[in-house]
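Asker: Following this message is one structure expressed as structure tokens.
No value in this document is a laboratory result; all are computed from the given coordinates. Keep in mind that this is a model prediction, so the values were computed, not measured. Please note: Cβ atoms are built from the backbone with ideal geometry, for glycine as well, and neighbour counts cover all protein chains shown.
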Amino acid sequence: MKIMTANQLRKRLEQNDVILIDVREPAEYKTECIEGAILIPLAEISCEKLPTQSRPIVVHCHSGKRSAEACRRLLAQNPDLEVYNLEGGILAWKESGCVVEKLGCSVLPVDRQTQFAAGFLAFSGVIFGSFVSSWFYALSGFVGLGLMFVGLTGWCGMAKLLTKMPWNQ
């Protein structure tokens, strides 16, 4: 997988020399996007979904992790594909002074929604365990176990569930 910086991408976009794919969730895309980016969420990314034009492809997300995974998936399907990961994602794009389009309402990214939900459940388990019944401590333990599972596997059921919520559509 090749890497492209925000400044390199800006120049290539000005020359209409690349296809830009955004692999964030629809709610993230609706909040802000790079002009001309095509939304194909990571869960749906495949060579069949890519535009048929024969230009190099640059993939981006929020910080560069999901887009790196998308690049790996695309290259596994077609090793001859010229695909780049935008280093640092849309965060690096904005930090370099490039503009983003503001499309609508602001929704927290799914990863932050997941962190909030896990923190809320763990905190609630401690509070209810202290004041209602010690059985509620199991809730905090369950959340901790879930976080360990996510750390080991990279798969998060809570994030998958949150992406299905109406505010993330």
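Asker: Which lysines, on any chain, are close to Lys30 with Cα under 25 Å apart, when same-chain ones fewer than 8 places away are left out?
Answerer: The reachable lysines, counting only those whose Cα sits under 25 Å from Lys30, are Lys11, Lys49, Lys65, Lys94, Lys102, Lys160, Lys164.
Asker: Turning to a different aspect of this structure: Based on other C-beta atoms within 10 Å, arrange Cys156, Cys47 from fewest to most.
Answerer: With the fewest neighbours first, Cys156, Cys47 line up as Cys47, Cys156.
Asker: Now a separate question. For segment 50-62, what does the Karplus curve 6.51 cos²θ - 1.76 cosθ + 1.60, with θ = phi - 60°, yield as ³J(HN,Hα) per residue in whole Hz, taken in order and with x for Gly and Pro?
Answerer: Using θ = phi - 60°, the values come out as 6, x, 7, 5, 9, 9, x, 10, 10, 10, 9, 9, 6 Hz.
Asker: Give, to the nearest whole percent, the P(r) tail of the chain beyond 28 angstrom, counting all Cα pairs.
Answerer: Value for the chain: 33 percent of Cα pairs lie more than 28 Å apart.
Asker: At what distance in nm do the modelled label points of Lys102 and Glu48 sit from each other, each positioned 7 Å from its Cα along Cα→Cβ?
Answerer: Going by the 7 Å Cα→Cβ label model, 3.9 nm.
Asker: Another one. Cα convex hull of segment 110-168: mean projected area in nm², to one decimal?
Answerer: Details: hull surface 16.7 nm².
With every direction weighted equally, the projected area is 4.2 nm².
Asker: Report the residues of segment 105-119 in range of a label on Thr153: point 7 Å along Cα→C-beta, backbone N strictly under 18 Å from it.
Answerer: Zone members listed by number: 114-115, 118.
Asker: Still on this structure, I have one more. With +1 on the Cβ of every Lys and Arg and -1 on the Cβ of every Asp and Glu, and nothing else charged, how large is the dipole of the chain about its Cα centre, in debye rounded to the nearest 20?
Answerer: Dipole of the chain, to the nearest 20 debye: 200 debye.
Asker: A further question follows. Given springs between every Cα pair under 10 Å in a Gaussian network model of the chain, which of Val132, Val100, Val83 has the largest fluctuation?
Answerer: Val132
Asker: Pick out the long, greasy-scoring helices in the chain: whole DSSP H runs spanning 30 Å or more along their own axis by Cα, mean Kyte-Doolittle at least -1.0. Please report the intermediate quantities before stating the final value.
Answerer: Values: long enough: 110-131 (31 Å, 0.80).
Membrane-span-like by this rule: 110-131.
Asker: Take the chain, connect every pair of alpha-carbon atoms lying under 10 Å apart with a spring to form a Gaussian network, then pick out the residue of Glu25, Glu87, Glu48 with the largest mean-square fluctuation.
Answerer: Per the Cα network of the chain with a 10 Å cutoff, Glu48 tops the list.
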